[in-house]
1. Placing +1 at every Lys and Arg Cβ and -1 at every Asp and Glu Cβ, with all other atoms neutral, what dipole size does the chain have around its Cα centre, in debye to the nearest 20?
2. I need the Kirkwood Rh of the chain: take the reciprocal of the average 1/r across all distinct C-alpha pairs and report it in angstrom.
3. On the accessible surface of the stretch 1-40, probed at 1.4 Å, how many percent belong to carbon and sulfur atoms?
4. Return one whole number: the accessible area per residue of the stretch 4-65 in Å², for a 1.4 Å probe.
5. Applying the Karplus parametrisation 6.51 cos²θ - 1.76 cosθ + 1.60 with θ = phi - 60° to the phi angles of the stretch 34-46, what ³J(HN,Hα) value in whole Hz is obtained for each residue in order, glycine and proline being reported as x?
6. Between the helical axis of 48-61 and the dominant principal axis of the chain, each derived from Cα atoms, what acute angle in degrees is found, rounded to the nearest 10?
7. Which net charge results when you count Lys and Arg as +1 and Asp and Glu as -1 among the other residues whose beta-carbon is under 14 Å from that of GLN56?
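The values are calculated or read from the model by the stated rules, or taken from the named source; none is laboratory data. A quick note: this is a predicted structure, and the numbers were derived from the prediction, not measured. Using ideal geometry, Cβ is built from the backbone for each residue, glycine included, and neighbour counts are taken over all protein chains shown. Keep in mind that these areas ignore ligands, DNA and RNA; they rest on the heavy atoms of the full protein, side chains included. Shrake-Rupley method; radii C 1.70, N 1.55, O 1.52, S 1.80 Å.
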Amino acid sequence: MTLTMDVLDRLHAADPNAATELVQDSADAVALIELLEMLWNCGIPRAPHLLEPVLQRLLQLRPTD
């Protein structure tokens, strides 16, 4: 939940670039999924802009065969 709280803090501070950096630096897929759910439902105007970076990061972390 720390990633989610940190990203939401950055969004409330109107710093979406810092929020995106937090997403790109994360290696915790579970935290990213929790963040994705929160961004989808939170109603913060800047939140939808982070959906794509979260999905891209999850794809990067996907195990390869």
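1. The dipole of the chain has a size of about 140 debye.
2. Details: mean 1/r = 0.0865 Å⁻¹.
11.6 Å is the Kirkwood radius here.
3. 55
4. Numbers: 4150 Å² over 62 residues.
In whole numbers, the stretch 4-65 has 67 Å² accessible per residue.
5. Going residue by residue, I get 4, 4, 4, 4, 5, 4, 5, 10, 7, x, 7, x, 8 Hz, with x marking Gly and Pro.
6. Once rounded, one gets 20 degrees.
7. Details: positive: ARG57, ARG62; negative: GLU21, ASP25, GLU52.
Its environment carries a net charge of -1.
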